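J.: Dumping the structure here so I can ask a few things about it.
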Amino acid sequence: MSSTPALQGYEAHFHAAPSGFLVLRPDGTILDVNLTLSRWVGRSRQGLIGTSVLELMPVGDRVVYASFAEPRLAVSGWFEEMAVTFLNAVGERLPALVSGVRSCPAESGAGDSAVDRLTVFSVPKRTLRERELAAALRAAEAAEAARAEAEQLLLEKQRDLEEKDRILQENLLESRQREALLETVLNTAQVGLLVVDGEGSPMLANAHFTTHSMRIASTESTDPTQPAALTDLFTYSAFGADRVTPLAPEQWPIRRAAAGETFSDEVMWLGTGEQQAAVSVSARPVHGGEITGSVLSYSDVTRLVHAVAAQEDFVANVSHELRTPLTSILGYLDLALDEEGLSEQVSGSLTVAQRNAERLLDLVSDLLSVASGNTKMERRTVDLAALVRSGAVSSAPGAVAAGVDLVVEVPATMPACVDPQRMEQVLDNLLSNAVKYSPDGGTVTIRLRREAGALTLEVADTGIGMSPAEQEKVFTKFFRSRRALSSAIPGAGLGLVIARNIMESHGGTLGFSSIPGEGSVFTAVLPDEGQRRGEGA
(Lines give C-alpha, C1' and ligand atoms only; values in the text may rest on other atoms or scores of the structure.)
Protein backbone atom coordinates (compact mmCIF):
# COMPACT_ATOMS: atom_id res chain seq x y z
CA MET A 1 0.00 0.00 0.00
CA SER A 2 1.03 3.58 -0.64
CA SER A 3 2.03 5.72 2.31
CA THR A 4 -0.35 8.58 1.50
CA PRO A 5 -2.15 10.03 4.53
CA ALA A 6 -5.46 8.52 3.43
CA LEU A 7 -4.00 5.12 3.03
CA GLN A 8 -2.15 5.43 6.31
CA GLY A 9 -5.40 6.27 8.03
CA TYR A 10 -7.08 3.29 6.44
CA GLU A 11 -4.30 0.98 7.54
CA ALA A 12 -4.45 2.29 11.09
CA HIS A 13 -8.21 1.80 11.13
CA PHE A 14 -7.71 -1.69 9.60
CA HIS A 15 -5.40 -2.80 12.38
CA ALA A 16 -7.15 -1.03 15.26
CA ALA A 17 -10.64 -2.30 14.43
CA PRO A 18 -12.35 -4.31 17.25
CA SER A 19 -13.17 -7.02 14.73
CA GLY A 20 -10.76 -9.15 12.82
CA PHE A 21 -10.21 -8.74 9.09
CA LEU A 22 -8.85 -11.17 6.54
CA VAL A 23 -8.06 -10.48 2.88
CA LEU A 24 -7.99 -13.74 0.88
CA ARG A 25 -7.60 -15.06 -2.56
CA PRO A 26 -10.60 -17.07 -3.78
CA ASP A 27 -8.64 -20.27 -2.97
CA GLY A 28 -8.42 -19.18 0.68
CA THR A 29 -4.78 -17.99 0.71
CA ILE A 30 -4.35 -15.14 3.18
CA LEU A 31 -3.15 -11.92 1.52
CA ASP A 32 -3.45 -9.71 4.58
CA VAL A 33 -4.72 -9.88 8.17
CA ASN A 34 -5.19 -7.16 10.76
CA LEU A 35 -3.44 -7.16 14.11
CA THR A 36 -6.69 -7.76 15.99
CA LEU A 37 -7.16 -11.22 14.47
CA SER A 38 -3.41 -11.87 14.71
CA ARG A 39 -3.58 -11.30 18.47
CA TRP A 40 -6.68 -13.50 18.80
CA VAL A 41 -5.02 -16.49 17.18
CA GLY A 42 -1.65 -15.81 18.83
CA ARG A 43 0.28 -15.80 15.58
CA SER A 44 2.27 -13.07 13.86
CA ARG A 45 0.81 -11.22 10.98
CA GLN A 46 3.70 -12.14 8.72
CA GLY A 47 3.40 -15.76 9.75
CA LEU A 48 -0.26 -15.84 8.70
CA ILE A 49 0.19 -14.18 5.29
CA GLY A 50 0.61 -16.82 2.63
CA THR A 51 -1.11 -19.57 4.59
CA SER A 52 -4.64 -20.85 4.03
CA VAL A 53 -7.51 -19.59 6.14
CA LEU A 54 -8.60 -23.23 6.53
CA GLU A 55 -5.50 -23.88 8.64
CA LEU A 56 -7.02 -21.61 11.31
CA MET A 57 -10.11 -23.81 11.64
CA PRO A 58 -10.72 -27.29 13.06
CA VAL A 59 -11.58 -30.03 10.58
CA GLY A 60 -15.34 -29.78 11.01
CA ASP A 61 -15.39 -26.02 10.40
CA ARG A 62 -13.15 -26.39 7.37
CA VAL A 63 -15.81 -28.62 5.80
CA VAL A 64 -18.56 -26.12 6.69
CA TYR A 65 -16.57 -23.15 5.29
CA ALA A 66 -15.69 -24.99 2.08
CA SER A 67 -19.26 -26.18 1.55
CA PHE A 68 -21.08 -22.95 2.53
CA ALA A 69 -18.91 -19.82 2.37
CA GLU A 70 -16.85 -20.47 -0.73
CA PRO A 71 -19.88 -21.40 -2.92
CA ARG A 72 -21.77 -18.29 -1.70
CA LEU A 73 -18.80 -16.05 -2.49
CA ALA A 74 -18.41 -17.57 -5.92
CA VAL A 75 -22.11 -17.26 -6.80
CA SER A 76 -23.45 -14.27 -4.84
CA GLY A 77 -20.22 -12.54 -3.97
CA TRP A 78 -21.04 -12.44 -0.26
CA PHE A 79 -22.31 -14.29 2.85
CA GLU A 80 -23.06 -13.17 6.40
CA GLU A 81 -23.01 -14.43 9.97
CA MET A 82 -21.54 -17.81 9.49
CA ALA A 83 -20.63 -19.38 12.84
CA VAL A 84 -17.16 -20.87 12.79
CA THR A 85 -14.41 -21.68 15.27
CA PHE A 86 -10.81 -20.56 14.96
CA LEU A 87 -7.88 -22.23 16.64
CA ASN A 88 -5.18 -20.22 18.39
CA ALA A 89 -1.51 -21.14 18.49
CA VAL A 90 -2.02 -23.55 21.44
CA GLY A 91 -5.09 -25.24 19.99
CA GLU A 92 -7.75 -23.39 22.00
CA ARG A 93 -11.10 -22.81 20.31
CA LEU A 94 -12.19 -19.20 19.54
CA PRO A 95 -15.90 -19.03 18.60
CA ALA A 96 -16.65 -16.37 15.98
CA LEU A 97 -19.21 -15.03 13.47
CA VAL A 98 -17.81 -14.47 9.99
CA SER A 99 -19.17 -12.32 7.13
CA GLY A 100 -17.56 -12.16 3.73
CA VAL A 101 -17.64 -10.25 0.45
CA ARG A 102 -15.78 -10.71 -2.81
CA SER A 103 -14.45 -7.53 -4.56
CA CYS A 104 -13.06 -6.94 -8.00
CA PRO A 105 -9.34 -6.29 -8.68
CA ALA A 106 -9.74 -2.60 -9.36
CA GLU A 107 -11.26 -2.00 -5.95
CA SER A 108 -8.86 -4.13 -3.97
CA GLY A 109 -5.64 -3.35 -5.69
CA ALA A 110 -4.56 -6.86 -5.12
CA GLY A 111 -3.61 -7.72 -8.61
CA ASP A 112 -5.54 -9.22 -11.47
CA SER A 113 -7.47 -11.67 -9.29
CA ALA A 114 -10.57 -11.04 -7.20
CA VAL A 115 -10.16 -11.00 -3.42
CA ASP A 116 -12.37 -12.01 -0.55
CA ARG A 117 -12.64 -9.86 2.54
CA LEU A 118 -13.74 -11.54 5.73
CA THR A 119 -14.94 -9.74 8.85
CA VAL A 120 -14.55 -11.81 12.02
CA PHE A 121 -16.46 -11.04 15.25
CA SER A 122 -15.42 -12.82 18.46
CA VAL A 123 -18.49 -14.20 20.29
CA PRO A 124 -17.27 -15.83 23.56
CA LYS A 125 -20.70 -15.31 25.23
CA ARG A 126 -22.32 -17.42 22.58
CA THR A 127 -19.86 -20.14 23.37
CA LEU A 128 -20.67 -19.88 27.05
CA ARG A 129 -24.37 -20.21 26.33
CA GLU A 130 -23.69 -23.04 23.94
CA ARG A 131 -21.57 -24.73 26.59
CA GLU A 132 -24.26 -24.27 29.19
CA LEU A 133 -26.84 -25.55 26.75
CA ALA A 134 -24.61 -28.46 25.79
CA ALA A 135 -23.95 -29.19 29.45
CA ALA A 136 -27.68 -29.07 30.14
CA LEU A 137 -28.32 -31.33 27.18
CA ARG A 138 -25.61 -33.74 28.35
CA ALA A 139 -27.05 -33.73 31.87
CA ALA A 140 -30.49 -34.41 30.46
CA GLU A 141 -29.11 -37.18 28.28
CA ALA A 142 -27.24 -38.63 31.26
CA ALA A 143 -30.38 -38.48 33.38
CA GLU A 144 -32.36 -40.16 30.61
CA ALA A 145 -29.67 -42.78 30.20
CA ALA A 146 -29.61 -43.37 33.96
CA ARG A 147 -33.39 -43.64 34.00
CA ALA A 148 -33.32 -46.08 31.09
CA GLU A 149 -30.51 -48.09 32.76
CA ALA A 150 -32.40 -48.16 36.06
CA GLU A 151 -35.53 -49.25 34.24
CA GLN A 152 -33.55 -51.94 32.43
CA LEU A 153 -31.94 -53.10 35.68
CA LEU A 154 -35.34 -53.17 37.35
CA LEU A 155 -36.74 -55.17 34.46
CA GLU A 156 -33.77 -57.57 34.53
CA LYS A 157 -34.10 -57.93 38.30
CA GLN A 158 -37.78 -58.66 37.94
CA ARG A 159 -37.02 -61.21 35.24
CA ASP A 160 -34.27 -62.69 37.41
CA LEU A 161 -36.67 -62.97 40.35
CA GLU A 162 -39.28 -64.56 38.09
CA GLU A 163 -36.65 -66.98 36.76
CA LYS A 164 -35.46 -67.83 40.28
CA ASP A 165 -39.04 -68.35 41.38
CA ARG A 166 -39.63 -70.62 38.38
CA ILE A 167 -36.45 -72.60 39.11
CA LEU A 168 -37.42 -72.80 42.78
CA GLN A 169 -40.84 -74.14 41.88
CA GLU A 170 -39.29 -76.62 39.45
CA ASN A 171 -36.73 -77.71 42.07
CA LEU A 172 -39.47 -78.02 44.66
CA LEU A 173 -41.51 -80.15 42.30
CA GLU A 174 -38.46 -82.19 41.35
CA SER A 175 -37.56 -82.57 45.03
CA ARG A 176 -41.05 -83.82 45.81
CA GLN A 177 -40.91 -86.21 42.88
CA ARG A 178 -37.50 -87.50 43.98
CA GLU A 179 -38.73 -87.83 47.54
CA ALA A 180 -41.71 -89.82 46.34
CA LEU A 181 -39.45 -91.92 44.11
CA LEU A 182 -36.99 -92.49 46.96
CA GLU A 183 -39.79 -93.48 49.31
CA THR A 184 -41.19 -95.87 46.71
CA VAL A 185 -37.77 -97.41 46.05
CA LEU A 186 -37.00 -97.75 49.75
CA ASN A 187 -40.37 -99.31 50.51
CA THR A 188 -40.02 -101.68 47.54
CA ALA A 189 -36.65 -102.96 48.74
CA GLN A 190 -36.83 -106.39 50.34
CA VAL A 191 -34.25 -105.46 52.96
CA GLY A 192 -34.64 -103.27 56.01
CA LEU A 193 -33.01 -99.82 55.74
CA LEU A 194 -32.35 -97.46 58.65
CA VAL A 195 -30.57 -94.09 58.53
CA VAL A 196 -29.14 -92.77 61.80
CA ASP A 197 -27.36 -89.53 62.68
CA GLY A 198 -24.01 -89.17 64.38
CA GLU A 199 -25.65 -89.80 67.75
CA GLY A 200 -27.35 -93.00 66.62
CA SER A 201 -30.85 -91.49 66.50
CA PRO A 202 -33.06 -92.73 63.63
CA MET A 203 -33.61 -90.29 60.76
CA LEU A 204 -35.28 -92.50 58.17
CA ALA A 205 -36.57 -96.08 57.95
CA ASN A 206 -38.27 -97.92 55.12
CA ALA A 207 -41.53 -99.84 55.45
CA HIS A 208 -39.81 -103.25 55.49
CA PHE A 209 -37.66 -102.25 58.46
CA THR A 210 -40.57 -100.68 60.33
CA THR A 211 -43.00 -103.57 59.83
CA HIS A 212 -40.53 -106.34 60.54
CA SER A 213 -38.92 -104.50 63.44
CA MET A 214 -42.21 -103.69 65.12
CA ARG A 215 -43.20 -107.34 64.90
CA ILE A 216 -40.00 -108.40 66.64
CA ALA A 217 -40.05 -105.47 69.08
CA SER A 218 -43.54 -106.40 70.25
CA THR A 219 -42.02 -109.46 71.92
CA GLU A 220 -39.92 -107.12 74.10
CA SER A 221 -42.82 -104.97 75.32
CA THR A 222 -45.24 -105.74 78.10
CA ASP A 223 -47.82 -103.76 76.16
CA PRO A 224 -48.04 -105.00 72.53
CA THR A 225 -49.70 -101.74 71.51
CA GLN A 226 -46.59 -99.88 72.67
CA PRO A 227 -43.69 -101.72 71.06
CA ALA A 228 -40.08 -100.98 71.83
CA ALA A 229 -38.24 -98.29 69.88
CA LEU A 230 -36.81 -99.29 66.53
CA THR A 231 -33.23 -98.79 67.61
CA ASP A 232 -33.76 -101.03 70.65
CA LEU A 233 -33.69 -103.98 68.26
CA PHE A 234 -29.99 -103.40 67.76
CA THR A 235 -29.27 -102.90 71.46
CA TYR A 236 -30.75 -105.01 74.22
CA SER A 237 -32.66 -107.23 71.73
CA ALA A 238 -29.50 -108.24 69.82
CA PHE A 239 -27.87 -111.59 70.62
CA GLY A 240 -24.83 -113.51 69.46
CA ALA A 241 -24.59 -116.74 67.53
CA ASP A 242 -25.82 -118.81 70.50
CA ARG A 243 -29.11 -116.81 70.42
CA VAL A 244 -29.02 -116.15 74.19
CA THR A 245 -25.90 -114.07 74.93
CA PRO A 246 -26.70 -110.34 74.51
CA LEU A 247 -24.24 -108.39 72.43
CA ALA A 248 -21.94 -106.12 74.43
CA PRO A 249 -22.71 -102.37 74.02
CA GLU A 250 -19.57 -101.82 71.93
CA GLN A 251 -20.83 -104.50 69.51
CA TRP A 252 -24.24 -102.92 68.93
CA PRO A 253 -24.57 -102.09 65.22
CA ILE A 254 -26.16 -98.72 66.02
CA ARG A 255 -23.16 -97.58 68.07
CA ARG A 256 -20.65 -98.92 65.58
CA ALA A 257 -22.46 -97.25 62.67
CA ALA A 258 -22.85 -93.92 64.52
CA ALA A 259 -19.09 -93.99 65.16
CA GLY A 260 -18.51 -94.18 61.40
CA GLU A 261 -17.52 -97.85 61.28
CA THR A 262 -18.06 -99.84 58.09
CA PHE A 263 -19.01 -103.53 58.24
CA SER A 264 -20.79 -106.05 56.04
CA ASP A 265 -22.95 -109.14 56.45
CA GLU A 266 -22.56 -109.58 60.20
CA VAL A 267 -25.09 -112.12 61.44
CA MET A 268 -26.85 -111.71 64.78
CA TRP A 269 -30.14 -112.71 66.38
CA LEU A 270 -32.87 -110.15 67.14
CA GLY A 271 -35.81 -110.52 69.50
CA THR A 272 -36.74 -113.42 71.71
CA GLY A 273 -39.02 -116.39 71.68
CA GLU A 274 -40.73 -117.60 68.56
CA GLN A 275 -40.30 -114.20 66.85
CA GLN A 276 -36.50 -114.32 67.20
CA ALA A 277 -34.89 -113.78 63.80
CA ALA A 278 -31.39 -114.06 62.39
CA VAL A 279 -30.38 -110.95 60.44
CA SER A 280 -27.37 -110.01 58.35
CA VAL A 281 -26.44 -106.39 59.13
CA SER A 282 -24.27 -104.01 57.07
CA ALA A 283 -23.39 -100.34 57.63
CA ARG A 284 -21.89 -97.57 55.54
CA PRO A 285 -21.17 -94.01 56.78
CA VAL A 286 -22.66 -90.99 55.01
CA HIS A 287 -20.04 -88.57 53.70
CA GLY A 288 -20.35 -85.12 52.13
CA GLY A 289 -22.48 -82.06 52.77
CA GLU A 290 -23.79 -81.19 56.21
CA ILE A 291 -25.32 -84.63 56.82
CA THR A 292 -23.39 -86.95 59.11
CA GLY A 293 -24.50 -90.38 60.11
CA SER A 294 -24.73 -93.86 58.68
CA VAL A 295 -27.01 -96.16 56.70
CA LEU A 296 -27.72 -99.63 58.09
CA SER A 297 -29.29 -102.42 56.09
CA TYR A 298 -30.42 -105.76 57.35
CA SER A 299 -31.73 -108.89 55.70
CA ASP A 300 -33.72 -111.57 57.43
CA VAL A 301 -31.62 -114.71 57.04
CA THR A 302 -33.48 -116.85 59.58
CA ARG A 303 -34.60 -119.41 57.02
CA LEU A 304 -31.15 -119.50 55.45
CA VAL A 305 -29.47 -120.06 58.83
CA HIS A 306 -31.93 -122.84 59.65
CA ALA A 307 -31.43 -124.36 56.19
CA VAL A 308 -27.63 -124.27 56.52
CA ALA A 309 -27.85 -125.79 59.98
CA ALA A 310 -30.15 -128.51 58.67
CA GLN A 311 -27.84 -129.13 55.74
CA GLU A 312 -24.81 -129.41 58.00
CA ASP A 313 -26.72 -131.72 60.35
CA PHE A 314 -27.72 -133.85 57.39
CA VAL A 315 -24.16 -134.00 56.07
CA ALA A 316 -22.80 -134.78 59.52
CA ASN A 317 -25.37 -137.54 60.10
CA VAL A 318 -24.91 -139.10 56.69
CA SER A 319 -21.11 -138.90 56.96
CA HIS A 320 -21.20 -140.45 60.39
CA GLU A 321 -23.45 -143.25 59.18
CA LEU A 322 -21.15 -143.89 56.21
CA ARG A 323 -17.98 -143.86 58.29
CA THR A 324 -18.88 -146.93 60.36
CA PRO A 325 -19.51 -149.37 57.46
CA LEU A 326 -16.52 -148.00 55.53
CA THR A 327 -14.25 -148.67 58.49
CA SER A 328 -15.60 -152.19 58.64
CA ILE A 329 -15.13 -152.70 54.90
CA LEU A 330 -11.50 -151.53 55.08
CA GLY A 331 -10.88 -153.86 58.00
CA TYR A 332 -12.17 -156.89 56.14
CA LEU A 333 -10.24 -155.89 53.00
CA ASP A 334 -7.05 -155.73 55.06
CA LEU A 335 -7.78 -159.22 56.42
CA ALA A 336 -8.50 -160.53 52.93
CA LEU A 337 -5.26 -159.09 51.55
CA ASP A 338 -3.32 -160.71 54.38
CA GLU A 339 -4.48 -164.18 53.26
CA GLU A 340 -1.82 -166.26 51.56
CA GLY A 341 -2.26 -167.89 48.21
CA LEU A 342 -4.42 -165.19 46.63
CA SER A 343 -4.25 -165.10 42.89
CA GLU A 344 -2.82 -161.97 41.27
CA GLN A 345 -6.22 -161.08 39.82
CA VAL A 346 -8.01 -161.39 43.18
CA SER A 347 -5.25 -159.48 44.97
CA GLY A 348 -5.39 -156.69 42.38
CA SER A 349 -9.17 -156.42 42.67
CA LEU A 350 -9.00 -156.29 46.47
CA THR A 351 -6.32 -153.57 46.27
CA VAL A 352 -8.48 -151.47 43.96
CA ALA A 353 -11.43 -151.91 46.31
CA GLN A 354 -9.25 -150.94 49.29
CA ARG A 355 -7.90 -147.85 47.51
CA ASN A 356 -11.40 -146.66 46.58
CA ALA A 357 -12.73 -147.38 50.07
CA GLU A 358 -9.88 -145.35 51.59
CA ARG A 359 -10.64 -142.51 49.18
CA LEU A 360 -14.31 -142.66 50.14
CA LEU A 361 -13.37 -142.67 53.84
CA ASP A 362 -11.17 -139.58 53.31
CA LEU A 363 -14.09 -137.84 51.63
CA VAL A 364 -16.41 -138.77 54.50
CA SER A 365 -13.82 -137.48 56.97
CA ASP A 366 -13.65 -134.21 55.08
CA LEU A 367 -17.43 -133.91 55.16
CA LEU A 368 -17.46 -134.53 58.90
CA SER A 369 -14.70 -131.98 59.44
CA VAL A 370 -16.53 -129.28 57.46
CA ALA A 371 -19.91 -130.08 59.00
CA SER A 372 -18.61 -129.93 62.56
CA GLY A 373 -16.71 -126.67 62.02
CA ASN A 374 -14.41 -127.66 64.87
CA THR A 375 -10.89 -128.86 64.30
CA LYS A 376 -9.29 -130.59 67.26
CA MET A 377 -5.64 -129.56 67.55
CA GLU A 378 -2.77 -131.53 69.07
CA ARG A 379 0.15 -129.12 68.79
CA ARG A 380 3.78 -129.89 69.51
CA THR A 381 7.16 -128.67 68.34
CA VAL A 382 8.14 -130.28 65.03
CA ASP A 383 10.50 -129.55 62.15
CA LEU A 384 8.18 -127.84 59.68
CA ALA A 385 10.82 -127.94 56.93
CA ALA A 386 11.09 -131.72 57.18
CA LEU A 387 7.30 -131.99 57.17
CA VAL A 388 7.14 -129.93 53.93
CA ARG A 389 9.84 -132.02 52.25
CA SER A 390 7.97 -135.18 53.22
CA GLY A 391 4.77 -133.81 51.75
CA ALA A 392 6.57 -132.96 48.50
CA VAL A 393 7.89 -136.54 48.30
CA SER A 394 4.37 -137.89 48.76
CA SER A 395 3.07 -135.67 45.97
CA ALA A 396 5.89 -136.52 43.58
CA PRO A 397 4.23 -139.56 41.89
CA GLY A 398 1.11 -137.60 41.07
CA ALA A 399 3.22 -134.70 39.77
CA VAL A 400 5.25 -137.00 37.54
CA ALA A 401 2.07 -138.53 36.14
CA ALA A 402 0.72 -135.06 35.33
CA GLY A 403 4.01 -133.87 33.83
CA VAL A 404 4.47 -131.26 36.55
CA ASP A 405 7.89 -130.31 37.94
CA LEU A 406 8.08 -129.94 41.74
CA VAL A 407 10.50 -127.29 43.02
CA VAL A 408 11.14 -127.29 46.81
CA GLU A 409 12.71 -124.19 48.36
CA VAL A 410 12.81 -124.76 52.12
CA PRO A 411 15.54 -124.22 54.73
CA ALA A 412 17.40 -127.11 56.29
CA THR A 413 15.29 -126.93 59.43
CA MET A 414 12.51 -124.76 60.86
CA PRO A 415 11.05 -125.61 64.29
CA ALA A 416 7.38 -124.75 64.78
CA CYS A 417 4.67 -125.54 67.32
CA VAL A 418 1.89 -127.03 65.19
CA ASP A 419 -0.34 -130.04 64.83
CA PRO A 420 1.81 -132.06 62.37
CA GLN A 421 -1.06 -134.20 61.12
CA ARG A 422 -3.21 -131.15 60.42
CA MET A 423 -0.35 -129.26 58.73
CA GLU A 424 0.29 -132.32 56.56
CA GLN A 425 -3.37 -132.15 55.61
CA VAL A 426 -3.01 -128.45 54.66
CA LEU A 427 0.10 -129.14 52.59
CA ASP A 428 -1.48 -132.19 50.91
CA ASN A 429 -4.58 -130.17 49.92
CA LEU A 430 -2.52 -127.27 48.53
CA LEU A 431 -0.12 -129.53 46.62
CA SER A 432 -2.83 -131.79 45.20
CA ASN A 433 -4.79 -128.73 44.01
CA ALA A 434 -1.66 -127.21 42.43
CA VAL A 435 -0.91 -130.42 40.55
CA LYS A 436 -4.55 -131.09 39.55
CA TYR A 437 -5.03 -127.55 38.19
CA SER A 438 -1.88 -127.74 36.05
CA PRO A 439 -3.28 -130.31 33.59
CA ASP A 440 -0.91 -129.37 30.77
CA GLY A 441 2.24 -129.68 32.87
CA GLY A 442 4.15 -126.79 34.32
CA THR A 443 5.87 -126.09 37.60
CA VAL A 444 4.71 -126.21 41.22
CA THR A 445 7.00 -124.38 43.64
CA ILE A 446 6.92 -124.91 47.42
CA ARG A 447 8.57 -122.23 49.57
CA LEU A 448 8.95 -122.03 53.35
CA ARG A 449 10.43 -119.01 55.14
CA ARG A 450 10.44 -117.19 58.47
CA GLU A 451 9.93 -113.42 58.21
CA ALA A 452 8.43 -110.52 60.15
CA GLY A 453 7.42 -112.66 63.10
CA ALA A 454 5.59 -115.23 60.96
CA LEU A 455 6.15 -118.59 59.28
CA THR A 456 5.06 -118.51 55.65
CA LEU A 457 4.32 -121.55 53.49
CA GLU A 458 3.77 -120.73 49.82
CA VAL A 459 2.57 -123.09 47.07
CA ALA A 460 2.66 -121.58 43.58
CA ASP A 461 1.63 -123.21 40.31
CA THR A 462 1.68 -122.21 36.64
CA GLY A 463 -1.70 -123.78 35.93
CA ILE A 464 -5.07 -122.54 34.69
CA GLY A 465 -5.66 -119.91 37.39
CA MET A 466 -9.06 -118.55 38.35
CA SER A 467 -11.32 -115.79 37.08
CA PRO A 468 -12.29 -112.92 39.44
CA ALA A 469 -15.76 -114.44 39.87
CA GLU A 470 -14.28 -117.82 40.81
CA GLN A 471 -11.84 -116.20 43.24
CA GLU A 472 -14.76 -114.81 45.25
CA LYS A 473 -16.05 -118.35 45.86
CA VAL A 474 -12.80 -120.22 46.29
CA PHE A 475 -13.38 -120.84 50.03
CA THR A 476 -17.05 -121.79 49.58
CA LYS A 477 -18.00 -125.34 50.47
CA PHE A 478 -18.34 -127.70 47.49
CA PHE A 479 -17.30 -124.99 45.00
CA ARG A 480 -15.67 -126.25 41.80
CA SER A 481 -14.44 -124.01 39.02
CA ARG A 482 -16.03 -124.30 35.57
CA ARG A 483 -12.72 -125.46 34.09
CA ALA A 484 -12.43 -128.17 36.75
CA LEU A 485 -15.91 -129.44 35.97
CA SER A 486 -15.43 -129.37 32.19
CA SER A 487 -12.03 -131.08 32.46
CA ALA A 488 -13.38 -133.70 34.92
CA ILE A 489 -10.70 -132.82 37.47
CA PRO A 490 -11.48 -134.95 40.55
CA GLY A 491 -12.39 -133.34 43.87
CA ALA A 492 -15.29 -132.44 46.17
CA GLY A 493 -14.58 -128.73 46.67
CA LEU A 494 -13.76 -129.14 50.38
CA GLY A 495 -9.96 -129.18 50.49
CA LEU A 496 -9.40 -125.41 50.64
CA VAL A 497 -12.21 -124.94 53.16
CA ILE A 498 -10.64 -127.54 55.44
CA ALA A 499 -7.15 -126.07 54.94
CA ARG A 500 -8.35 -122.59 55.90
CA ASN A 501 -10.14 -123.93 59.01
CA ILE A 502 -6.94 -125.66 60.10
CA MET A 503 -4.88 -122.50 59.58
CA GLU A 504 -7.36 -120.41 61.53
CA SER A 505 -7.33 -122.98 64.34
CA HIS A 506 -3.56 -122.44 64.47
CA GLY A 507 -4.17 -118.69 64.73
CA GLY A 508 -2.96 -118.19 61.18
CA THR A 509 -4.40 -117.34 57.78
CA LEU A 510 -4.70 -118.81 54.30
CA GLY A 511 -4.77 -116.40 51.36
CA PHE A 512 -4.18 -116.55 47.64
CA SER A 513 -3.69 -114.65 44.42
CA SER A 514 -4.56 -115.91 40.96
CA ILE A 515 -4.35 -114.81 37.32
CA PRO A 516 -6.47 -116.66 34.71
CA GLY A 517 -4.24 -118.66 32.39
CA GLU A 518 -1.08 -117.94 34.43
CA GLY A 519 -1.56 -119.81 37.69
CA SER A 520 -2.26 -119.33 41.39
CA VAL A 521 -0.28 -118.76 44.58
CA PHE A 522 -1.66 -119.95 47.95
CA THR A 523 0.01 -118.53 51.04
CA ALA A 524 -0.39 -120.03 54.54
CA VAL A 525 0.88 -117.80 57.35
CA LEU A 526 1.43 -118.97 60.94
CA PRO A 527 2.35 -116.78 63.90
CA ASP A 528 5.97 -117.42 64.86
CA GLU A 529 5.76 -118.76 68.40
CA GLY A 530 9.32 -120.03 68.46
CA GLN A 531 9.73 -123.50 69.81
CA ARG A 532 6.89 -123.28 72.28
CA ARG A 533 6.09 -126.69 73.67
CA GLY A 534 2.42 -127.34 74.04
CA GLU A 535 -0.05 -130.12 74.15
CA GLY A 536 -3.54 -130.19 72.59
CA ALA A 537 -5.06 -126.77 71.89
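Let's see how each residue does on (1) surrounded by fewer than 14 Cβ atoms within 10 Å (Cβ to Cβ); (2) touching a residue at least 40 places away in the same chain (Cβ under 8 Å); (3) farther than 19 Å from residue 202 by Cα:
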residue	(1), (2), (3)
248	yes, no, yes
255	no, yes, no
264	yes, no, yes
278	no, no, yes
283	no, no, no
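J.: Kindly check whether there is at least one residue in the stretch 171-192 that is surrounded by 14 or more Cβ atoms within 10 Å (Cβ to Cβ), modelled with pLDDT of 75 or more and at negative phi.
T.: Yes, the stretch 171-192 contains a residue that is surrounded by 14 or more Cβ atoms within 10 Å (Cβ to Cβ), modelled with pLDDT of 75 or more and at negative phi.
J.: Continuing with the same structure: Here are 41, 84, 59: which of them is of a type in the set (A, V, I, L, M, F, W, C) and surrounded by fewer than 18 Cβ atoms within 10 Å (Cβ to Cβ)?
T.: Sole residue among the options that is of a type in the set (A, V, I, L, M, F, W, C) and surrounded by fewer than 18 Cβ atoms within 10 Å (Cβ to Cβ): 59.
J.: I'd like the full set of residues that are more than 21 Å from residue 441 (Cβ to Cβ) and in contact with a Ser or Thr (Cβ under 9 Å, 6 or more places away or on another chain), limited to the stretch 389-424.
T.: 415, 416, 417, 418, 419, 422, 424
J.: If we only count strands (runs of 3 or more DSSP E) wholly inside the stretch 378-431, which ones have 2 or more residues that are surrounded by 21 or more Cβ atoms within 10 Å (Cβ to Cβ)?
T.: Fully inside the stretch 378-431 and qualifying: 415-418.
J.: Let me ask you something else. Could you list, in sequence order, the residues of the stretch 436-457 that are part of a loop (DSSP other than H, G, I, E, B) and not hydrophobic (A, V, I, L, M, F, W, C)?
T.: Across the stretch 436-457, the qualifying residues are 437, 438, 439, 440, 441, 453.
J.: Now a separate question. Out of 99, 52, which single residue is in contact (Cβ under 8 Å) with a residue 24 or more places away in the chain, small (Gly, Ala, Ser) and in contact with a strand residue (DSSP E or B) (Cβ under 8 Å, 6 or more places away or on another chain)?
T.: So the residue among 99, 52 that is in contact (Cβ under 8 Å) with a residue 24 or more places away in the chain, small (Gly, Ala, Ser) and in contact with a strand residue (DSSP E or B) (Cβ under 8 Å, 6 or more places away or on another chain) is 52.
J.: Turning to a different aspect of this structure: Taking the condition of being more than 30 Å from residue 529 (Cα to Cα) and either modelled with pLDDT under 85 or among the polar types (S, T, N, Q) (or both), how many residues in the stretch 400-440 meet it?
T.: Of the residues in the stretch 400-440, 7 are more than 30 Å from residue 529 (Cα to Cα) and either modelled with pLDDT under 85 or among the polar types (S, T, N, Q) (or both).
J.: Residues to consider are 443, 462; find the one that is open to solvent by 20 Å² or more (accessible area, probe 1.4 Å), polar (S, T, N, Q), at pLDDT 85 or above and under 40 Å from the mean Cα position of the chain (by Cα).
T.: Going through 443, 462 in turn, the sole match is 462.
J.: Kindly list the number of the only condition in (1) open to solvent by 60 Å² or more (accessible area, probe 1.4 Å); (2) at pLDDT 90 or above that fails for residue 5.
T.: Just one mismatch for residue 5, condition (2).
The values are calculated or read from the model by the stated rules, or taken from the named source; none is laboratory data. A quick note: this is a predicted structure, and the numbers were derived from the prediction, not measured. Here Cβ is always computed from backbone atoms with ideal geometry, including for glycine, and neighbour counts include all displayed protein chains. Note: accessible area is taken over every heavy atom of the protein model, side chains too, but ligands, DNA and RNA are not part of it. Shrake-Rupley method; radii C 1.70, N 1.55, O 1.52, S 1.80 Å.
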